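Just so it is clear, none of the values below were taken in a lab; they were calculated from the coordinates. Everything quoted here is computed from the prediction, not taken from an experiment. Note: ideal-geometry Cβ built from the backbone for every residue, glycine included; neighbour counts use all protein chains shown.
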Amino acid sequence: MSRIKTAAIPSAQPSGKLVIRTARTPFRWKGAIPYVAIFLVWELFSRFNMAVQWFNPLFFPPPTEIIRNAWMLAETGMISASLWSSTVRILQGFTLGTVSAIAIAMVMSRFRHVEFWISPLLNLTGPIPALALLPLFIIWFGIGEFPKVLLIAWTTFVPMLAYTLDGLKSVNPLLIRSATSLGASQRQIFARVILPSAIPNILVGSQVGLGLAFSALIVSEMMGASSGLGYIIVDARNYFKISNMFVAIVLIGLEYSLFSQLLKLVEKRVMSWRKGGIRDALGK
């Protein structure tokens, strides 16, 4: 059994006596409980289906079978090479799209005529899915890493630009006027008032952009790639290796969860001052 540490918390009673209460510290790895529960239910359902034959068990293998196939793929070096290729692509594309979106949003928020010309273009091209753009990117830029990274960057760029621009525009005007009255320069106002106020929107946009970036990553790797998690899915489809397909799907989910948690850690660190919502109001 794992030890649960307790901390002494003094509390005042109506009688005036000081009573020491113990508070349980939260379990460090409690965030892993939903993942374990999901895979446990998955395992039980798949094993039950193998016994009663509701449908072909090959179409929905249990996690233990997927782990066995993952081990076999890992011995060939396919998983490590694919994880490395996908990670490099997602980092390059996501970083490029995020930095570009923040830079252009700053310009659009500062100059009205820039927003006047760019906004219609984004409204026309923003809703186009990555699957429709990839063939054009391959025709324009050839088969290689550049069109894949560019597709991921574009898919990240659109939501990041929208959220960042909204954050820059929603700054309280009283804060800007107060800083101006205190003698702050335009650069100081932007660095110490506008940008910090827009950080919550930027972080939300990064979470949205990350999910879309992974979708674009898999789409790009399923067409014209020789490595990556999307390539494993295509290879498994061609040879009807359903378990290998699930290996890639699980790895995609785990890798996205890892990147998402890293973004949440950054948000928690940067936004440590912000508290609110019903949980903070009623959870005391």
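Packing-based ranking of 154-162, 224-232, 108-116 yields 154-162, 224-232, 108-116, ordered from highest to lowest mean Cβ neighbour count within 10 Å.
Among Thr98, Pro127, Met222, which residue has its Cα positioned farthest towards the positive end of the charge dipole of the chain, with +1 placed on the Cβ of Lys and Arg, -1 on the Cβ of Asp and Glu, and the dipole taken about the Cα centre? Going by the charge dipole, the pick is Thr98. Each of Ile143 and His113 was given a label point 7 Å from its Cα along the Cα-to-Cβ line. The distance between the two points is 4.6 nm. Placing a pseudo-label 7 Å from each Cα along the Cα-to-Cβ vector at Ser178 and Trp71 gives an inter-label distance of 6.1 nm. Rounded to the nearest 20, the size of the Cβ-charge dipole of region 30-170 about its Cα centre is 280 debye, with Lys and Arg at +1 and Asp and Glu at -1. Projecting the Cα atoms of Phe59, Pro196, Ile139 onto the charge dipole of the chain, computed from C-beta unit charges around the Cα centre, puts Pro196 farthest toward the positive end. Dipole magnitude for the chain: about 1620 debye, using +1 per Lys or Arg Cβ and -1 per Asp or Glu Cβ, origin at the Cα centre. Can you pull the percent of Cα pairs in region 148-240 with separation above 15 Å? More than 15 Å apart: 67 percent of the Cα pairs in region 148-240. Only Cα pairs under 8 Å and 6+ residues apart enter the sum, and on that basis the relative contact order of the chain stands at 19 percent. Sparsely packed loop sites in region 50-83 (the chymotrypsin sites (Phe, Trp or Tyr not before Pro) outside DSSP H, G, I, E and B with at most 11 other Cβ atoms within 10 Å) comprise Trp54, Phe55.
Normalised by residue number, the volume inside the convex hull of the Cα atoms of the chain is 228 Å³ per residue. Restriction of the trypsin sites (Lys or Arg not before Pro) in region 218-277 to DSSP coil positions whose beta-carbon has at most 11 other beta-carbons within 10 angstrom yields Lys275. Looking at region 141-229, none of the trypsin sites (Lys or Arg not before Pro) sits in a DSSP loop with at most 14 other Cβ atoms within 10 Å of its own Cβ.
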